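Inspection log for the structure reproduced underneath, given as structure tokens.
The values are calculated or read from the model by the stated rules, or taken from the named source; none is laboratory data. Not measured: the values here are computed from a predicted model. As a convention, Cβ positions derive from the backbone with ideal geometry for all residues, glycine included, and neighbour counts pool all protein chains shown.
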Ligand SMILES: Cc1cc2nc3c(=O)[nH]c(=O)nc-3n(C[C@H](O)[C@H](O)[C@H](O)COP(=O)(O)OP(=O)(O)OC[C@H]3O[C@@H](n4cnc5c(N)ncnc54)[C@H](O)[C@@H]3O)c2cc1C
Ligand SMILES: Cc1cc2nc3c(=O)[nH]c(=O)nc-3n(C[C@H](O)[C@H](O)[C@H](O)COP(=O)(O)O)c2cc1C
């Protein structure tokens with residue numbers, strides 16, 4: 001049986017007002033107060049933007065409030081992207097079907113205030129709360145007091161707050177110019193690149209947010225400019241875009257965006273809501289939306305918890321736990337998307353050389369949430385332009401004779417890609433995966449079936465597992481090797497099968513386990529030292545992997561390096577004999593060459609330690625020696641760990657330099673992985689979590705990349721390829737689960753991947769060939 005509650009909301013922004021209103025509507029017996037330090041009409045900023053999906057949620061939470069809000073919404077479907085002039089002389093790309101609404105923040109607050117007042121909420125303005133004692137009689141105290149939340153500060157001892165202040169500068173302005181679409185401008189001047197996020201929120205009013213890098217802001221002298229001077233400067237800079245309209249200020253100071261993360265969100269009977277608990281960058285337009293979704297979730301949790309016989313403090317504590325359990329995963333997911341989005345805007349300079357269509361596609365998919373498939377649903381015309389563009393580029397890149405591309409073009413993942421003389425038929429790669437089933441390095445039937453079935457499964461390139469260049473270079477006794485003619489013959493059987501029976505290419509990853517050698521098979525203990533029979537191991541420095549548990553490696557001498565280099569060259573020659581199409585040098589995951597690259601594992605004081613050029617000396621020597629032994633027409637790759645996920649280790653900017661050096665040494669493509677250097681790494685896992693590193697290297701170095709790590713859907717592969725974040729996508733575990741992953745993707749996309757002859761009867765059930773590549 002629900003009971004009346006006394007509720008105090010500190011802060012009368014969207015979070016506090018909406019929660020107060022929803023609670024009063026849930027039960028008019030509740031005594032609900034909103035304490036707001038400002039006057040009812042004070043508000044910073046201009047418009048807020050909601051997606052159609054958000055408004056559907058508002059409608060579900062409370063129909064009356066929805067109706068009152070929706071009367072004031074300005075709706076639009078289009079996103080208009082004015083590309084930077086370097087990428088196509090300011091070409092404008094428009095994409096439709098996005099479904100957003102804008103509204104004045106001032107009006108939203110007025111509507112919520114009116115609704116709350118009518119429902120019986122007690123609104124107290126010009127009431128600044130300084131301590132909880134002012135709400136001592138409340139059953140629940142709601143800290144809805146914004147990004148600089150004093151309530152959060154009062155909870156400092158029980159809640160951990162992390163505030164990540166981003167480097168870019170931005171200012172929130174208004175203009176009288178109406179924008180028919182959500183509009184992005186990119187304009188370069190002598191100071192740098194300026195980004196504008198603009199949208200209409202009333203018939204004659206739009207929000208106009210200008211964002212730039214810190215150095216651009218300083219170079220333009222805006223660090224010393226007043227609000228008025230800034231506004232006049234931007235008015236002149238965007239004179240063409242504003243077409244005679246003025247910019248309007250309202251406490252329009254330059255700021256840096258703070259991403260706020262708090263754990264937990266409540267203590268006792270005090271709970272944080274909206275910006276007080278979390279923020280998400282304005283480029284995903286979601287601060288007000290999150291505040292209102294929080295309010296609805298907290299209302300649901302409180303209503304459910306008070307519908308029992310529990311005493312009020314117990315019921316409140318259950319409600320707050322429930323609120324956080326429901327909302328935290330949603331909020332964190334949105335914060336991850338916002339992080340990817342803000343990083344795109346921090347690095348926009350990187351993409352300005354791209355052609356307008358991929359620039360626009362990259363912008364639209366920047367949060368990694370919107371996929372190629374979403375855009376197909378929202379705007380099939382735009383998507384087919386993108387697909388045509390990708391297919392045309394692929395055709396030029398592979399150098400195929402160029403009759404007009406058939407229409408519709410294939411999905412991006414089914415376009416070919418060329419590396420030297422090798423043409424890989426599509427962009428899906430089976431990532432190298434150790435099988436631990438070899439006998440003294442000799443691969444057998446398991447490998448024929450494992451790699452053969454994945455080649456039949458449709459991937460364009462199948463990468464054989466880390467294959468060690470000597471017996472002592474093996475991770476475990478079950479690891480594959482390439483150190484004797486017998487090994488080459490065993491591999492040749494697999495390579496010949498793949499070449500004879502499938503259109504797939506096949507590559508091999510050459511490795512030396514370094515300090516991670518002489519360990520157990522994966523399923524017996526990941527990186528755990530062998531119980532018996534271990535051999536002496538080598539590394540850049542004498543540092544054991546698990547201190548106190550793993551064997552201490554011998555610090556490599558020059559003689560050891562010569563021996564290892566000769567083993568790599570021998571393995572390369574054997575790979576030629578076996579007929580592989582590509583070799584990849586494993587420089588990642590803490591193995592021998594990676595142990596030289598990472599400062600965490602390389603403490604040398606000779607010419608192989610210290611600065612990155614020195615730490616790269618031995619890995620590059622190996623690369624050069626293999627390159628010299630590998631046929632000039634066949635490509636070579638290197639796998640790197642772009643970040644060690646550990647302070648003091650490799651960071652993405654270092655990986656860019658590594659890639660630059662590899663490119664200068666004739667590397668054709670970098671396989672961009674991460675981590676596994678040290679056991680106490682702290683990775684930030686998530687969907688596509690390593691793809692941004694591949695994107696960065698591809699654009700900053702101008703070298704082809706492979707992306708890997710939690711790529712599991714064809715939507716993601718198409719998105720990565722079309723946005724130019726990588727040239728090939730590697731999938732490891734998804735291929736363990738489904739060797740026919742690529743065939744299933746083709747089926748879902750209605751793309752007819754040709755079947756091997758013995759399986760052709762299946763074509764009767766598969767969709768007809770609908771896409772065309774080449775003549
Ligand atoms: C440049 C920029 C653009 C944005 N664009 C959008 C957008 O397009 N769409 C969108 O949804 N969101 C946008 N936001 C975010 C949005 O403004 C906030 O996320 C949203 O207002 C959060 O609501 P809130 O109620 O949690 O906090 P606020 O709206 O900040 O409300 C907090 C309230 O608490 C009051 N208060 C603070 N301390 C006390 C105290 N001690 N006692 C009493 N009262 C107190 C404050 O006066 C304030 O009224 C943008 C933000 C920025 C910076
Ligand atoms: C069983 C298994 C074995 C692996 N062996 C290797 C390997 O031999 N060489 C390598 O570079 N990475 C290896 N990896 C890492 C994968 O290639 C890939 O980078 C990682 O699993 C992330 O991709 P995913 O999220 O698609 O699984 C292995 C992964 C698995 C699951």
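Just the residues that are within 10 Å of ligand 1 (Cβ to nearest atom), outside any loop (DSSP other than H, G, I, E, B) and buried (at least 22 other Cβ atoms within 10 Å of the Cβ), please, taken from region 12-62.
Passing the criteria: 14, 15, 16, 17, 18, 19, 34, 35, 47, 48, 49, 50.
Looking for something out of contact with any helix residue (DSSP H, G or I) (no Cβ under 8 Å at 6 or more places or on another chain), surrounded by fewer than 17 Cβ atoms within 10 Å (Cβ to Cβ) and within 26 Å of residue 353 (Cβ to Cβ) - is there at least one such residue anywhere in region 249-260?
Checked region 249-260: no residue is out of contact with any helix residue (DSSP H, G or I) (no Cβ under 8 Å at 6 or more places or on another chain), surrounded by fewer than 17 Cβ atoms within 10 Å (Cβ to Cβ) and within 26 Å of residue 353 (Cβ to Cβ).
Just give me the residues in region 710-725 being farther than 21 Å from residue 739 by Cβ, touching a strand residue (DSSP E or B) at 6+ places or on another chain (Cβ under 9 Å) and assigned to a loop (DSSP other than H, G, I, E, B), in sequence order.
725
What about residue 116, is it without any contact (Cβ under 8 Å) to a residue 12 or more places away in the chain, within 15 Å of ligand 1 (Cβ to nearest atom) and farther than 21 Å from residue 316 by Cα?
When the stated conditions are applied, residue 116 does not pass them.
When residue 211 is evaluated against the numbered criteria (1) touching a residue at least 60 places away in the same chain (Cβ under 8 Å); (2) out of contact with any strand residue (DSSP E or B) (no Cβ under 7 Å at 6 or more places or on another chain), which criterion, by number, is the only one it fails?
The failed condition is (2).
Out of region 466-513, which residues are out of contact with any helix residue (DSSP H, G or I) (no Cβ under 9 Å at 6 or more places or on another chain), buried (at least 24 other Cβ atoms within 10 Å of the Cβ) and not in a strand (DSSP E or B)?
474 - this is the single residue of region 466-513 that is out of contact with any helix residue (DSSP H, G or I) (no Cβ under 9 Å at 6 or more places or on another chain), buried (at least 24 other Cβ atoms within 10 Å of the Cβ) and not in a strand (DSSP E or B).
In region 546-564, what residues are over 18 Å from residue 484 (Cβ atoms) and in a helix (DSSP H, G or I)?
558, 559, 560, 561, 562 - these are the residues of region 546-564 that are over 18 Å from residue 484 (Cβ atoms) and in a helix (DSSP H, G or I).
Considering only residues that are within 10 Å of ligand 2 (Cβ to nearest atom) and within 16 Å of the chain's Cα centre (by Cα), look in region 676-705 and name the one that is modelled with the highest pLDDT.
690
Hey, among 127, 157, which residue is within 10 Å of ligand 1 (Cβ to nearest atom) and assigned to a loop (DSSP other than H, G, I, E, B)?
Going through 127, 157 in turn, the sole match is 127.
Filter region 217-241 down to residues that are touching a residue at least 40 places away in the same chain (Cβ under 8 Å) and touching a strand residue (DSSP E or B) at 6+ places or on another chain (Cβ under 6 Å) and give me whichever is nearest to residue 75 (Cα to Cα).
241
Just checking, does region 667-675 include any residue being surrounded by fewer than 24 Cβ atoms within 10 Å (Cβ to Cβ), away from ligand 2 (no atom under 16 Å from the Cβ) and on the phi < 0 side of the Ramachandran plot?
Checked against the condition, which is being surrounded by fewer than 24 Cβ atoms within 10 Å (Cβ to Cβ), away from ligand 2 (no atom under 16 Å from the Cβ) and on the phi < 0 side of the Ramachandran plot, region 667-675 yields at least one hit.
Only one of these is within 13 Å of ligand 1 (Cβ to nearest atom) and free of Cβ contacts under 8 Å to residues at least 60 places away in the same chain: 334, 298, 273. Name it.
It is 334.
Could you figure out which of (1) within 16 Å of ligand 2 (Cβ to nearest atom); (2) outside any helix (DSSP H, G or I); (3) touching a helix residue (DSSP H, G or I) at 6+ places or on another chain (Cβ under 9 Å) isn't true of residue 734?
(2)
Could you tell me how many of the residues in region 676-704 are buried (at least 22 other Cβ atoms within 10 Å of the Cβ) and either out of contact with any strand residue (DSSP E or B) (no Cβ under 9 Å at 6 or more places or on another chain) or not in a loop (DSSP other than H, G, I, E, B) (or both)?
8
Taking residue 145 as the residue in question, decide whether it is in a loop (DSSP other than H, G, I, E, B) and within 9 Å of ligand 1 (Cβ to nearest atom).
yes
Looking at 730, 749 in this structure, which one is modelled with pLDDT of 90 or more, in contact with a strand residue (DSSP E or B) (Cβ under 6 Å, 6 or more places away or on another chain) and surrounded by 15 or more Cβ atoms within 10 Å (Cβ to Cβ)?
The match here is 730.
Restricting attention to region 514-545, which residues are in a strand (DSSP E or B) and within 17 Å of residue 679 (Cα to Cα)?
519, 529, 539
What are the residue pairs meeting all of these: first residue in region 400-416, first residue over 23 Å from residue 376 (Cβ atoms), second residue exposed (fewer than 12 other Cβ atoms within 10 Å of the Cβ) and at pLDDT below 70, Cβ atoms under 8 Å, and 6 or more apart or on different chains?
401/775; 403/775
What number of residues within region 74-93 are assigned to a loop (DSSP other than H, G, I, E, B), surrounded by fewer than 20 Cβ atoms within 10 Å (Cβ to Cβ) and touching a residue at least 12 places away in the same chain (Cβ under 8 Å)?
Residues in region 74-93 being assigned to a loop (DSSP other than H, G, I, E, B), surrounded by fewer than 20 Cβ atoms within 10 Å (Cβ to Cβ) and touching a residue at least 12 places away in the same chain (Cβ under 8 Å): 4 in total.
For residues in region 437-455 being more than 13 Å from ligand 2 (Cβ to nearest atom) and crowded, with 20+ Cβ neighbours inside 10 Å, which is farthest from residue 579 (Cα to Cα)?
441
Here is a list of conditions, (1) more than 30 Å from the chain's Cα centre (by Cα); (2) within 16 Å of ligand 2 (Cβ to nearest atom); (3) under 27 Å from residue 593 (Cβ atoms), and residue 434 meets all of them except one; can you say which number that is?
Answer for residue 434: the failing condition is (1).
Among the residues of region 569-598, what is the count of those that are touching a helix residue (DSSP H, G or I) at 6+ places or on another chain (Cβ under 7 Å) and either in a loop (DSSP other than H, G, I, E, B) or more than 16 Å from ligand 2 (Cβ to nearest atom) (or both)?
Count: 12.
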